Amino acid sequence: MREDVAAFLEARKARPMPALTRETLAAIHAMGPAAAAAMGSSDLPVGEMAVQRELTMPGPGGEMRLKLFDTRAQRGPGPVFVFYHGGGYVLGSIESHAGLAAEIARQLDLPVISVEYRLAPENPWPAAVDDGVAAARWIADNGAALGLGITGLVLGGDSAGGNLTLTTAAALRDDPASVPVVMQVPIYPATDFAQSYPSQALFAEGYGLDAASTELMTRHYAADPQDPRASPLLDDLAGLPPTVLVTASLDPLRDQGRAYAAKLVAAGVPTAFYEARGLIHGFSSYRKAIPSAQDDTIAYLRLARTMLDMPEGQ
């Protein structure tokens with residue numbers, strides 16, 4: 001464990017989050033996205049952006065919010081990054097992960113559109129999955145209206161958002177959108193609700209993502225663990241887009257991320273795997289409190305940029 005990680009975890013002991021009961025979550029959700037962003041998320045600054053634009057789209061459950069982040073006021077044709085925030089399917093918002101979305105825009109030099117999908121327990125599985133797929137399709141169809149010449153989609157997100165990245169990529173493989181998915185970047189994703197892994201026991205307590213909170217989030221999400229739309233590791237992975245998959249060495253989800261990366265390689269999918277040594281789940285959102293995590297975030301995004309720039313077929 002890195003020194004700044006240990007200091008971060010020690011500081012969190014002094015201000016523990018309340019148990020994520022249904023009642024607690026209802027109260028948090030009633031605050032609205034901006035107020036709720038403070039619950040367990042980062043306070044990373046967005047930094048300099050040429051564009052921060054609020055968007056709306058029709059979604060499966062009603063109007064959905066999106067937000068465009070871009071370091072350039074004008075762009076030629078190219079890919080757009082569709083970002084799904086983390087939060088265990090019960091927390092998180094565009095606001096809570098704005099700092100990470102903006103960093104992705106900076107490091108990849110791509111427009112990033114962050115998606116506000118429905119949260120459990122009010123909207124259990126597969127609401128978030130349906131919203132994730134609908135958002136990607138809508139963005140693909142509306143490049144001209146957004147002022148973007150969209151030639152492809154890069155799907156990415158952290159934790160629960162990493163899971164939505166994988167399920168959306170599979171859905172668009174099987175029923176393509178109007179532009180192709182050219183890459184997926186799942187960041188410490190949940191990939192398998194169907195079985196337990198050694199890292200879940202190794203890091204069950206004291207590493208930031210405790211087993212008790214995970215159990216409550218899983219119960220609220222109420223997914224079918226045997227359905228690939230919840231457990232994408234159970235799917236056939238052939239034909240998925242080139243992938244940069246990120247894990248943290250002290251993360252309960254580490255082993256299921258490793259398993260997914262290995263299955264991608266076995267399926268012949270171009271894959272880059274990055275494991276951040278000595279870091280915990282959520283490190284890219286904790287870069288203000290864990291400064292060393294900035295280097296790892298830049299490193300895996302550079303991998304993504306390199307893979308994106310490779311000629312097709314290499």
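Computed from the coordinates by the stated procedures, all read-outs in this text should not be read as laboratory data. If you're wondering where the values come from, they're calculated on a predicted model, not measured in any experiment. We place every Cβ from the backbone using ideal geometry, glycine too, and count neighbours over all the protein chains shown.
Worth pointing out:
- Protection proxy ranking of 187-196, 145-154, 18-27, by the mean of other Cβ atoms within 10 Å over each peptide's residues and highest first, is 187-196, 145-154, 18-27.
- The stretch 42-77-the stretch 176-195 distance, computed between alpha-carbon centres (Å): 20
- Relative to its residue count, the stretch 76-120 spans a Cα convex hull of 67 Å³ per residue.
- Sparsely packed chymotrypsin sites (Phe, Trp or Tyr not before Pro) within the stretch 1-109, loop by DSSP, other Cβ within 10 Å at most 16: none
- Hydrodynamic radius by Kirkwood, which averages 1/r over all alpha carbon pairs of the chain, in angstrom: 19.2
- Antiparallel DSSP beta bridges within the stretch 3-309, as percent of all bridges there, nearest 5: 35
- For the stretch 1-128, fraction of C-alpha pairs farther apart than 27 Å, in %: 28
- Cα pair count fraction exceeding 23 Å, expressed as % - the stretch 127-283: 36
- Here the stretch 143-217 is treated as an ellipsoid with the same Cα gyration tensor; its semi-axes, largest first and in whole Å, are 33, 13, 9.
- Lys, Arg +1 and Asp, Glu -1 on Cβ, resulting dipole of the stretch 231-299 about Cα centre, debye, nearest 20: 180
- Neighbourhood net charge (15 Å Cβ-Cβ; Lys/Arg +1, Asp/Glu -1) for Ala7: +3
- When only the Cβ of Lys, Arg, Asp and Glu is charged (+1, +1, -1, -1), the dipole of the chain relative to its Cα centre reaches about 420 debye.
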